[in-house]
1. Over region 155-229, what lengths in whole Å, largest first, do the semi-axes of the equivalent ellipsoid take, defined as the square roots of 5 times the eigenvalues of the alpha-carbon gyration tensor?
2. Could you check what % of the DSSP bridge pairs in region 163-205 are antiparallel, to the nearest 5?
3. Of (1) 66, 37, 36; (2) 60, 38, 31; (3) 57, 35, 28, which is the value of Cα extents along the principal axes in Å derived from the coordinates here?
4. Contact order normalised by length for region 77-227, with contacts defined as Cα pairs under 8 Å and 6 or more residues apart; what percent is it?
5. Quick check on region 57-185: take the gyration tensor over C-alpha atoms, sort the square-rooted eigenvalues as a ≥ b ≥ c, and tell me if it's rounded (a/c under 1.5), prolate or oblate.
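Each reported figure results from applying straightforward, stated rules to the coordinates on display, with no laboratory input. Bear in mind the structure is a predicted one, so any value in this text is a computation, not a measurement.
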């Protein structure tokens, strides 16, 4: 897969393999991300994986000390070029994280409208949403918010024309081919079809985010009673 590297200001660069939600490209992103985590380059201060690109943030003076006769950007670009054609099949498969979700209209303000839009009954929509595993491509928007794909075309829903001012933590939404879980109370424009009792982001934990790029997630339908009893167990 052809990729290219371009500057992102004077303290970052982006390695881009594609411009779409593409699992092959994302495997390249994860390979480069994990490689640079385990083989750090002095001067790189942050790595930001996305659907089909990896942004590398660096400290120019530290990089420039290693560059002889060329700019910090050009030196780092040359250093990273070998990652562009890295193998995409050596990221081990992981067991999906099972996420319990209550698909009850009392917790899912857009569920009935979403089913009507898709021309389905609510149980049919739920069966499709829970019928496959979703890959976590990236985190963003809110701490711990995982962008997962790809949603079955039968239940792909448009974003709301007017975002909700407040979305409850744990709300499960769909936007086009993506599905995700709001970790915090925040505004949001995704169609809300359920809610999980799991805590998606918890600062009291050593690893506060429940998900990381490369994870797989499987939604499992639970009853309203089970949802309310979850944190009492």
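1. Output for region 155-229: semi-axes of 20, 16, 14 Å.
2. Counting only bridges with both partners in region 163-205, antiparallel ones make up about 100 percent.
3. (1)
4. Across region 77-227, relative contact order equals 32 percent.
5. prolate
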